[in-house]
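Okay, so here's the structure we're looking at.
The values are calculated or read from the model by the stated rules, or taken from the named source; none is laboratory data. This structure is a prediction, so every number in the text was calculated from the model and none was measured. All Cβ positions, glycine included, derive from the backbone under ideal geometry; neighbour counts span all protein chains shown.
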Amino acid sequence: MKQLLDINTWKRKDHFHFFNQFEEPFFGVCVNVDCTKAYATAREKGYSFFLYYLHKAMVAMNAIEPFRYRIIGEQVWIYDKIDPSPTINRPDGTFGFAYFEYHADFETFEAKARIITEQVQNSTGLVPAVSGENVVHCSSLPWINFTALSHARSFSFKDSCPKVSFGKMTNADGISTMPVSLHVHHALMDGYHAGQFFEYFQQQLDS
């Protein structure tokens, strides 16, 4: 379900019209998050660490309204819920696209996501996900402790979906950290909202 946002009464109307003209309207930030408690919880309960932190990220994004905004034509729509569309790594070094339905309850989310993950890992090719505009493009690079990240983009294809990438977890002095890259459409949100995401995401990882 989605509802139309009234751009004319939106306090960011001028920001929307300004940034929506850009050939590259996305901006990105990269932050190291503390995943010490989240990793310990995942290990203790036998959860997939990837699915666990992915779910925490989606909890945060669903809670912050601008992450649920999408540009369709010349209008902005607000989705009730957004789902992750992650890349799934395969043992042979390739990856495939997947589509997970977001559920607030982690165990429900994980059970369904594990089935889809296995299907993608046992397939070949990209396996394009069947999804709409209400997705977040997600990827995991568990081999790289990156400090910055960019994305392949087709500028002729109109896209306003957030993009989040997770890197290699490293440990120092008993603290585990992981780089997280976030790219969002500047016509829909600003650095303030990116800051809200990382703050709420960290709270979720610590809970």
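General remarks:
Yes/no matrix, rows are residues, columns are (1) modelled with pLDDT under 95; (2) basic (Lys, Arg); (3) out of contact with any Lys or Arg (no Cβ under 6 Å at 6 or more places or on another chain):
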site	(1), (2), (3)
Pro25	no, no, yes
Lys37	no, yes, yes
Met58	no, no, yes
Ile64	no, no, yes
Phe67	no, no, yes
Pro86	no, no, yes
Thr94	yes, no, yes
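To keep it simple, each residue is scored yes or no on (1) modelled with pLDDT of 95 or more; (2) over 28 Å from Lys13 (Cα atoms); (3) not small (Gly, Ala, Ser).
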position: Asp159; (1), (2), (3): no, no, yes
position: Ser165; (1), (2), (3): yes, yes, no
position: Thr170; (1), (2), (3): yes, yes, yes
position: His183; (1), (2), (3): yes, no, yes
position: Ala187; (1), (2), (3): yes, no, no
position: Asp190; (1), (2), (3): yes, no, yes
position: His193; (1), (2), (3): yes, no, yes
position: Gln203; (1), (2), (3): yes, yes, yes
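- Filter result (under 17 Å from the mean Cα position of the chain (by Cα), without any contact (Cβ under 8 Å) to a residue 24 or more places away in the chain and either over 25 Å from Glu133 (Cβ atoms) or surrounded by fewer than 17 Cβ atoms within 10 Å (Cβ to Cβ) (or both)) within segment 84-108: Glu101
- Residues of segment 3-26 classified as under 26 Å from Glu199 (Cβ atoms), touching a strand residue (DSSP E or B) at 6+ places or on another chain (Cβ under 9 Å) and crowded, with 16+ Cβ neighbours inside 10 Å, total: 5
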